[in-house]
Structures are given as structure tokens and as C-alpha cells.
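Worksheet for the structure shown next.
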Amino acid sequence: MGIWQVDADTLAGSRFVVSQLAEVTASLKKLAEPRAAHPGERAWLDTYLPAYRARLAADPVTAALVGAAFGASWIADFVTPTPRGGPGLDLADGLARIRATPPEAVRADLVVASGRPLPATLTRADDLAERMAALLEWTWRETVRPDWDRRRRIVEADVVARTRELAVGGWAAAFGGMRPAMRWLGEGRLRINAHDHPPRDISGAALLFVPVTPHQGWVSWPESADRYAVVHPCAGALADAGRTAPPAGLATLLGTARAQVLVLLDRPLTTTQLVALTGQGLGSVGRHLKVLLDARLVRRRRAGRSVLYYRAPAGDALLAAQEAGAQDAEGGR
């Protein structure tokens, strides 16, 4: 579905949604296709990929199911129910909808996603929906829930960043960086991917944008076609930011919390984004920024209604000195 035709009311009513369901599905897809987009993903894969592979090795039917569900250019529809409700409800709701998918519908979706006839392992099994839901539950419990608070902060920071892009640069700026082929073409046309399909008129439906921290994305809509979702990866710098710990020497000099703020400001960020990424309170972040500004380690500039903070040359030099010292120490061992 390459182009969606969107009216002004649908655009005006569109919103960003935080979805545990989408986060878990994106994480499972990343485990199934373990190519890291940045060091944070590499570390996550190194931690959880062995357990994931062991689980599939012990369950050949589920292994075949995953192979068919995540195709080269499409995900089986029953795996990606369109989010609805609040972030505290959508995981249970989504898993219930996956489990309720009839076996014949599951197999039809798998044929479309895989692009080939299904192996006998999958044609004989009538519990494929239950197996997929169970695997998603395992993915949540073992690989996502331990890190969910950090992931949620990154998603919220991405929402803030894209909302600012929308306010400053309009729809073209907000959509331009969401997905590689996604573009606002004007005249109510939103290109969502590179597939050559007839345009789809979604006027009057709810339009949801769902950021996830893994570098994955897809689109979905229910049979009722009353809402459409675009799942997209968080901006790369933000997605890896939560794993960036300040150097030990810098933390000793400035304090760990203040040093963390300085490390994150390698790109312009608002106080709201810093609060989301660090988990610190607004007052604490504000005090850290004032100290860093007074020390000439950080600068600020206005962009529309927002104030952006970023590292000054002195702050860059301080970080560079810390990194050089760490390398010297490593080389002297």
C-alpha cells in the first residue's frame, strides 16, 4: 500500500501513541532478523539472542511460524493488530486479538507474508495464533519488560522531537525522517512505503504514529479500516542515548546526573527531551543546565517556541579529553 490519501481532518486528528504491543513486536522482529542499527541494539542482541535461539530450537513449529510470519517485505497481518487504548492496556488487548485469529486466517496471512506455500509443519497445526502470542509474551517478559522504563522515556522523547518538527517544518518535516520511503507528497498524499499499489483513501479514519526503539517499522489497519497505524523507529541518536553512561572521571567532576546531561547534548535537545531520556525531574534538569551554561560547557538557542540546548566547544573538549584519557589507560595495560 504505497500512498494513503489523507484529508485535513484526519491529519489534524492524528496522534502519537506509546504502545507496548508494538515495542514487543518490533523486538521479536529484531531477534528474528538480528542486524544491529547502532551499538545499543548490538548490546541488546548479544544479551538476548542466545536465549531466543534456544527457545526456537526447542520448538520447531514456532521456529517455522516465525520464519513465515516475518517475510522479506511484509509481516503477517494477524501478528500486528493495530494499537488501540492506553499503553497500560494495549499489550493484553493485542495478545487477545492475536489469540482470537481463526487458524485459516492465520495460514492465509502467513502465505501472503512468506510469499510461498506453507510447510506441512504449519498446515497441520491449529494453534499457531496461540504459539505466536506465547512467543510475544516471552519476548516481553524476558527482553523488553526489564528495560521498559528506559524504552518508554526514549519513545516519549521521540514524540516530543517529532511534534517540534511538525510545529517548525510542517508535515513534510515530521514525516520525512520516520521511515526510509515515507514522504509527504502534498495534496493530501502520504507515501508510506515503496510498494506499487493503488492509493488508499483513509479520510475520516484515525491516523496513529507509533514510535518503537528497535530499528523496525510497518503499517497496519483493522478489517473495519477505522484507524491506521504507522509504526516507525525512534530517531537513531535518541534510540541509543539511554545507554550512554558518562565517563567515570566526568561523573566524579560534575556529578553523575549532570555529566549524563552533558553527554546527551551532542545534539540539540529540549528540557522535556532531557527529562524523558534521563528520568530526572524537570527541576533537576533545569539546575544542571544552568550550571553547565554558567560554566560555558553548554549553549542554547531558540527554535520556534522551543529552547534547544547543545554542547559548546568547551564541553566537546572536556568529553574528548575524557575519551582520550580512557584510551591511554586502556593502552597502558
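Pairing each residue of the range 192-216 that is hydroxyl-bearing (Ser, Thr, Tyr) with any residue that is assigned to a strand (DSSP E or B), provided the two are 6+ apart or on different chains, yields C-beta distances under 9 Å for Ser203/Gln5; Thr213/Pro233. Taking the criterion of being within 23 Å of Trp138 (Cβ to Cβ), at pLDDT below 95 and out of contact with any Lys or Arg (no Cβ under 9 Å at 6 or more places or on another chain), the residues of the range 86-95 that qualify are Gly88, Leu89, Leu91, Ala92. Filter the range 277-310 down to residues that are touching a Leu at 6+ places or on another chain (Cβ under 7 Å), within 28 Å of Trp148 (Cα to Cα) and modelled with pLDDT of 85 or more and give me whichever is surrounded by the fewest Cβ atoms within 10 Å (Cβ to Cβ). The qualifying residue surrounded by the fewest Cβ atoms within 10 Å (Cβ to Cβ) is Tyr310.
Within the range 40-55, identify whether any single residue is surrounded by 15 or more Cβ atoms within 10 Å (Cβ to Cβ), farther than 21 Å from Arg151 by Cβ, at pLDDT 95 or above and among the aliphatic types (A, V, I, L, M), and answer yes or no. Taking every residue of the range 40-55 in turn, none turns out to be surrounded by 15 or more Cβ atoms within 10 Å (Cβ to Cβ), farther than 21 Å from Arg151 by Cβ, at pLDDT 95 or above and among the aliphatic types (A, V, I, L, M).
Sort out which residues of the range 56-80 are open to solvent by 20 Å² or more (accessible area, probe 1.4 Å) and in contact with a helix residue (DSSP H, G or I) (Cβ under 6 Å, 6 or more places away or on another chain), and write them in order of number. Outline the logic, then answer.
If we filter the range 56-80 for residues that are open to solvent by 20 Å² or more (accessible area, probe 1.4 Å), which is where we start, we get 56-61, 63-64, 67, 72-74, 77.
Leu56, Val61, Ala63, Ala64, Trp74, Asp77 - these are the residues of the range 56-80 that are open to solvent by 20 Å² or more (accessible area, probe 1.4 Å) and in contact with a helix residue (DSSP H, G or I) (Cβ under 6 Å, 6 or more places away or on another chain).
For the range 30-46, filtering for residues that are in a helix (DSSP H, G or I) and farther than 19 Å from Arg152 by Cβ leaves 6.
Only one of Leu65, Leu91 is in a helix (DSSP H, G or I), under 17 Å from Gln20 (Cα atoms) and touching a residue at least 40 places away in the same chain (Cβ under 8 Å); which? Explain how you work it out, then say what you get.
Values: Leu65 fails: under 17 Å from Gln20 (Cα atoms).
Exactly one residue qualifies, and that residue is Leu91.
Let me confirm something: among Ala36, Ala22, Ala12, Ala26, which residue is farther than 22 Å from Ala206 by Cβ and either open to solvent by 40 Å² or more (accessible area, probe 1.4 Å) or of a type in the set (A, V, I, L, M, F, W, C) (or both)? None of the other options fit; the residue is Ala36.
The values are calculated or read from the model by the stated rules, or taken from the named source; none is laboratory data. Please read these numbers as outputs of a predicted model, since none were measured by experiment. Backbone-built Cβ (ideal geometry, glycine too); neighbour counts: all protein chains shown. Heads up: the accessible areas ignore ligands, DNA and RNA and are worked out on the full protein's heavy atoms, side chains in. Shrake-Rupley method; radii C 1.70, N 1.55, O 1.52, S 1.80 Å.
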